[in-house]
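The values are calculated or read from the model by the stated rules, or taken from the named source; none is laboratory data. All figures in this text were calculated on a predicted structure; none of them were measured in a lab. Glycine also receives a Cβ, built like all others from the backbone with ideal geometry; neighbour counts cover every protein chain displayed. These area figures cover heavy atoms from the full protein model, side chains too; ligands, DNA and RNA do not enter into them. Shrake-Rupley method; radii C 1.70, N 1.55, O 1.52, S 1.80 Å.
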Amino acid sequence: MLGAAKERKITPYLKAVKATLSAAICVRNFPSQVVERHNKPAVETQWAKELLLAPVVVAKSDKEAVKIEGSINALRISIKIKQMDTMEGILVKRFSSFLEMRADDFVILRRKAMPGYDVSFLITHFHTEKMWRDKLVDFIVTFIQEINSEISDLRLNVNSRGRNVAEHFFNQFTKK
């Protein structure tokens, strides 16, 4: 029951993210205007300002937001994960570093997140040629939805393990 209420609460935010991503993912092949025979993501290089779209930030609060930066041949999605206290901050930092170390396995994940955000994805026209655009958008939305529940589960696990350690420690003193 609590999960359904939580899901309904986040749904408008995720719908806004999904609609914005669906509109922005219309990328195509566009070679570099600066270097011959190069095809680098314009959103990463920032060489030609006329090829960049205005960045869009979809924010649920100041602690949870998605920044979508588009260009003619790439799309960069930066996600700020909700961190209510120090423990969640540590868990998010560890979890995002865990993902970043395995960025090669997640084809669209950037190795380094953008400043102020916890996780970043880069979708180029190569990805949209090999993968379905709708599935890429669904993956990002599902990732945002699941990362919040994953951090909550990690927090519960840390608290229960801490409680077990404390009980074991204090049982040494009560048995005497």
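Determine, yes or no, whether Leu75 is at pLDDT 90 or above, aliphatic (A, V, I, L, M), open to solvent by less than 20 Å² (accessible area, probe 1.4 Å) and in contact with a strand residue (DSSP E or B) (Cβ under 9 Å, 6 or more places away or on another chain).
Working: at pLDDT 90 or above: yes; aliphatic (A, V, I, L, M): yes; open to solvent by less than 20 Å² (accessible area, probe 1.4 Å): yes; in contact with a strand residue (DSSP E or B) (Cβ under 9 Å, 6 or more places away or on another chain): yes.
Judged against the criteria, Leu75 is a match.
Any idea how many residues of the stretch 33-74 are part of a helix (DSSP H, G or I) and either in contact (Cβ under 8 Å) with a residue 12 or more places away in the chain or in contact with a Phe, Trp or Tyr (Cβ under 9 Å, 6 or more places away or on another chain) (or both)? Quick ask: steps written out before the conclusion?
Filtering the stretch 33-74 down to residues part of a helix (DSSP H, G or I) leaves 42-45, 49-51.
So of that shortlist, the ones also either in contact (Cβ under 8 Å) with a residue 12 or more places away in the chain or in contact with a Phe, Trp or Tyr (Cβ under 9 Å, 6 or more places away or on another chain) (or both) come out as 42-45, 51.
Total satisfying the criteria: 5.
Of the residues making up the stretch 34-64, those that are open to solvent by 40 Å² or more (accessible area, probe 1.4 Å), more than 20 Å from Arg110 (Cα to Cα) and out of contact with any strand residue (DSSP E or B) (no Cβ under 6 Å at 6 or more places or on another chain) are Val34, Val35, Glu36, Arg37, Lys49, Glu50, Ala54, Lys60, Ser61, Asp62, Lys63.
For the subset of the stretch 15-32 comprising residues that are within 25 Å of Val137 (Cα to Cα) and in a loop (DSSP other than H, G, I, E, B), which member is most open to solvent (accessible area, probe 1.4 Å)?
The qualifying residue most open to solvent (accessible area, probe 1.4 Å) is Arg28.
When Val141, Val158 are checked against the criterion of being under 16 Å from the mean Cα position of the chain (by Cα) and in contact (Cβ under 8 Å) with a residue 40 or more places away in the chain, a single residue qualifies: Val141. Being hydrophobic (A, V, I, L, M, F, W, C) and within 27 Å of Lys63 (Cα to Cα), is that true of even one residue in the stretch 162-171? The answer is no, given that none of the residues of the stretch 162-171 is hydrophobic (A, V, I, L, M, F, W, C) and within 27 Å of Lys63 (Cα to Cα).
Does Lys67 satisfy the condition of being open to solvent by 30 Å² or more (accessible area, probe 1.4 Å) and under 14 Å from Ile144 (Cα atoms)? Judged against the criteria, Lys67 is a match.
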